[in-house]
1. Springs between alpha-carbon atoms under 10 Å, Gaussian network over chain A: tell me which of A:GLU174, A:GLU120, A:GLU188 tops the mean-square fluctuations.
2. At a Förster radius of 22 Å, what calculated FRET efficiency corresponds to the Cβ-Cβ distance of B:MET269 and B:LEU223, to the nearest 0.05?
3. Taking 0.36 nm per residue of separation and subtracting the Cα-Cα distance, what length does fully extending A:THR64 through A:GLU193 add?
4. For A:VAL61, enumerate residues with amide H under 5 Å from its amide H, sequence gap 5+ or separate chain, H modeled in the peptide plane.
5. What is the Cα convex hull volume of the stretch B:209-393 when expressed per residue in Å³?
6. Using amide H atoms built in the peptide plane, which far-off residues or other-chain residues are under 5 Å from A:ILE226 H to H?
7. Given points 7 Å out from each Cα along the Cα-Cβ axis, report the A:TYR14 to B:LYS315 separation in nanometres with one decimal.
8. Heavy-atom accessible area of B:PHE50 with all protein chains present, probe 1.4 Å, nearest 10 Å²?
Amino acid sequence: MKDIKIQVNDLSLYYGEKKALKEISMQVPANKVTALIGPSGCGKSTFLRCINRMNDLIPSVSITGQMLVEGVDIYDKNVDVVNIRKKIGMVFQKSNPFPKSIYENVIYGSRINGITDKRELDEIVETSLRQAAIWDELKDRLGDSALGLSGGQQQRLCIARTLAVNPDIILMDEPASALDPISTSKIEELVHELKEKYTILIVTHNMQQAARVSDHTAFFYMGELIEMGKTDAIFTKPAKKQTEDYITGRFG
Amino acid sequence: MSSPISSKQNFTKESLEKQFRLSEFLAEKIISSVAFLSIAIIFLIFIFVFKESLPIFSLGKESAKVEMQQSVSASGDQPESYGGVETEDLQPESYGGVETEDLQPESYGGVETEDLQPETYGGVEKEDLQPESYGGVEKEDLQPESYGGVEKEDLQPETYGDVQAEPLVENNDSAEDTAKEKKSNSIWDTLLTPDWVPVSENPRFGLLSLLIGTLKVTIISMLIAGPIAILAALYTSCFASKRTKEIIKPIIEMLAAFPSVVIGFFALMVMATFFQDIFGYDSRLNAFVGGVAMALAAIPIIYTISEDALSSIPKTYTEASLALGANKWQTAFYVVLPAATPGIFAALLLGVGRVFGETMIALMATGNAALMSANPFESVRTFAATIGAEMAETVFGETHYSVLFFIGSLLFIFSFGLNALAEFYVKGKLIKKFQGK
């Protein structure tokens, strides 16, 4: 199918002996926002990090099963992890701009890809910051340290930084969990706009947020994918009892 | 009211009254006084060292009176000796004097004076023979011996010639006048000359060649130690597996506990020959050998501190960089290294401080010849080595003694100034450059 971006088949992940993800199978549609919800420690962040192989950094992790992105198994031996990460960007829970200037933060990805032309870089900075809806706030202080920005601005700068390398898929790991309501709503608007061009997966603890921003929702519990479907359906008439209990706040 | 209820009322004026807690007060005071004590000790050491060098300053200003008296008394003494012995006799004596005390006080001097003096004195009796025997003995007999000594310890075959030649010429040309003139000049005029001839008829305390020597060694050793130590730190903090790191780090840090005498000895016996075979330069002990040896001493310091700085960079930076498609070395060089700049800079400074003040290695491996030269393969004499070598030989309270202490306070001022400059100026600039305003 053309509009399936990511196809996951029986993916299991082990931290040493412990099985953290149990035979996950799901399909992520293209150019939609898919929310991953579930209680803490249920494996949703771990799953998200599987998609751009960030779990490779942890030595004890081993993975079985298939993760097909546009038909290519990213855990195949011939696949270069660096190229995967260029295609699949990630925004982290805690905003983590580099201790450099705003400008340098945005062009970091382009720099390491070998772009040195000043005009091209300027353009990348402007378009990325505009896309992240932060250009107007920052255009006069591009030389300032990124660490001097507010939390919400930092997080949108991180999104801009991710957009600057022009990925296909953006993974967001609770991008608004540490932000105030106004910053959160800005990020949510941003997600809404970005789905025109990108496929977005977003992990969130906040059920209202999932309901507001996502088209599809997947509910994880204890390392298993309990249920996945259209957000409307999940939130109004979930098929499984556990999902309903979680959404209505009876546990979790 | 019943007592249980009233005891629950915590927010009465009495219960919130200020209390004096003796243990807290004492602990606080002890900690702060210890901190101040350490600063005070450093300060006191500096004061002491500087105080001992004070006579130089008074000599400089009150030279008119004091020096006049000295020169008068000196000239009063000198004519006697001059009168007693003829000018031709003076030469060998002053010659011997300069030589023995100035160069190689130990083996060389000991051998030489015994050899030289009996013969020349023997020659004094017969005036006709003297020049001949003098020339014959000295040039043929003495020099081979000194060269023999030099070969063992490898001390200044050249300087021997250089330093020696100059005083000879001066003494020859205008023996008494120039000597008196030089003496009546203040020390400050000689401090800025390249000649370091502290023990002679006409002592000169030129610090320039010592300064050049110190800087040369410091620069060479930092050029070697800096990159090696930082790259090693980068490897262990960003690339090495946990196991490798656990092995490498303690081993490099163990090098810091290595006595510098041992490093100096190693440099003297092994490295000097090794490098001479490779580069084929003349003087076996030189700034380069000393610099490499001091790099060995500085590497563990720079390594340990920059490794700590690199390891303390939050994992989130690394993750962010990798998630943007950077590979490991790009992450290490463009994210981790710039973020750790302040720490690495501090590490380099400590390394400079270590090399700057290093005495034993400098004494053993640099050749100890005060030469003005930009050539890294020429022997040098550093400030610290000068103090180490000469302090035991000086007379308490003499000018030489004061000058050595002055060098000591110069060392202190230099390293203090370097640190201050780095802290307030360079570090800020570096941070701005790498991390934005």
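The values are calculated or read from the model by the stated rules, or taken from the named source; none is laboratory data. All figures in this text were calculated on a predicted structure; none of them were measured in a lab. Note that each Cβ is placed from the backbone with ideal geometry, even for glycine, and that neighbours are counted across all protein chains shown. Quick note on the areas: whole protein, heavy atoms, side chains included, nothing else; ligands and nucleic acids left out. Shrake-Rupley method; radii C 1.70, N 1.55, O 1.52, S 1.80 Å.
1. Its mean-square fluctuation being the largest, the pick is A:GLU120.
2. FRET efficiency, B:MET269 to B:LEU223: 0.40.
3. On the way: separation 129, 0.36 × 129 = 46.44 nm, distance 3.46 nm.
Net length gain for the segment: 43.0 nm.
4. A:GLY16
5. Values: hull volume 23.1 nm³, N = 185.
So the per-residue hull volume is 125 Å³.
6. Result for A:ILE226 returns A:PHE219, A:PHE220, A:TYR221.
7. 2.1
8. Roll a 1.4 Å probe over it and B:PHE50 shows about 70 Å².
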